[in-house]
């Protein structure tokens with residue numbers, strides 16, 4: 001226990017933040033995508049430490065399994081003719097850095113100032129069965145809306161990314 | 001430092017790094033990665049508040065995080081599709097060179 005935090009939490013958060021930093025600083029885009037995967041895995045471990053098993057495994061399935069693969073595919077599909085980029089940071093990188101440092105200091109100031117010292121409560125008895133029952137009873141309308149949203153978004157993504165000639169139409 | 005504050009500070013750090021990625025990198029796909037990181041930080045906040053809140057058995061924060069994950073997946077698909085479509089017509093994903101999106 002260091003500062004009242006468990007060693008596992010400290011290691012996991014260091015892994016998460018290091019992955020995010022590597023994604024921010026590396027120049028090779030594929031390396032960025034791989035360190036992004038490390039960050040997603042670290043976040044899934046943090047969810048598991050918070051007793052949110054379902055969210056942790058959903059994070060692994062959706063982010064590492066789908067989103068990271070999608071990002072790698074997009075990077076490989078949009079890679080130019082082998083010419084590496086000279087500058088990987090935009091011209092206004094200093095302003096962006098200052099803004100994000102300001103946001104972080106504001107957020108951490110608010111967290112440290114406002115959270116009272118509350119003891120951790122007992123572990124909630126939460127099973128996947130309860131989550132499924134809640135999804136099918138009180139959260140059924142949001143579930144259906146999310147299903148429609150996902151269908152529309154994925155079909156829209158395919159249509160947007162489709163080659164211009166195969167779209168048909170008078171062009 | 002309480003565990004809740006520690007989780008919130010980790011989430012704030014991930015959010016700030018995501019914001020820095022989307023504000024400073026030139027590649028459009030990396031900007032999408034930064035947005036994904038910010039959404040993930042928000043999810044971590046939701047789950048931490050759910051766990052340390054007064055009623056963890058009520059499932060609300062957990063459900064919010066799950067729906068947020070689903071919406072983030074849809075956003076990633078559409079954003080990467082847009083990046084691929086732009087690259088097909090203009091042969092670049094450089095944001096400094098993206099000045100117009102009309103065919």
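Would you list the helices (runs of 4 or more DSSP H) that sit entirely within the range A:22-93 and hold 3 or more residues that are farther than 30 Å from residue A:131 by Cα and more than 10 Å from chain B (Cβ to nearest Cβ)?
A:29-49
Any residue that is touching a strand residue (DSSP E or B) at 6+ places or on another chain (Cβ under 7 Å) and under 29 Å from residue B:98 (Cβ atoms) - is there at least one of those in the range B:2-20?
Checking the range B:2-20: not a single residue is touching a strand residue (DSSP E or B) at 6+ places or on another chain (Cβ under 7 Å) and under 29 Å from residue B:98 (Cβ atoms).
Does residue A:80 satisfy being surrounded by 12 or more Cβ atoms within 10 Å (Cβ to Cβ), out of contact with any helix residue (DSSP H, G or I) (no Cβ under 8 Å at 6 or more places or on another chain) and modelled with pLDDT under 85?
When the stated conditions are applied, residue A:80 passes them.
Restricting to the range B:7-37, count the residues that are surrounded by fewer than 20 Cβ atoms within 10 Å (Cβ to Cβ) and within 18 Å of residue A:13 (Cβ to Cβ).
Matching residues across the range B:7-37 total 2.
Take the residues in the range B:1-60 that are within 7 Å of another protein chain (Cβ to nearest Cβ) and assigned to a loop (DSSP other than H, G, I, E, B); name whichever of them is farthest from residue A:27 (Cα to Cα).
If we take residues in the range B:1-60 being within 7 Å of another protein chain (Cβ to nearest Cβ) and assigned to a loop (DSSP other than H, G, I, E, B), then B:59 is farthest from residue A:27 (Cα to Cα).
Among the residues of the range A:123-144, is any more than 9 Å from chain B (Cβ to nearest Cβ), modelled with pLDDT of 90 or more, in a helix (DSSP H, G or I) and within 24 Å of the chain's Cα centre (by Cα)?
The answer is yes; a qualifying residue exists.
With the condition kept exactly as written, say whether any residue in the range B:78-100 is more than 7 Å from chain A (Cβ to nearest Cβ), in contact with a strand residue (DSSP E or B) (Cβ under 8 Å, 6 or more places away or on another chain) and either within 23 Å of residue A:50 (Cβ to Cβ) or touching a residue at least 60 places away in the same chain (Cβ under 8 Å) (or both).
yes
The values are calculated or read from the model by the stated rules, or taken from the named source; none is laboratory data. Given the structure is predicted, the values throughout are model-derived calculations rather than measurements. Glycine gets a Cβ as well: all are built from the backbone with ideal geometry, and neighbour counts include every protein chain shown.
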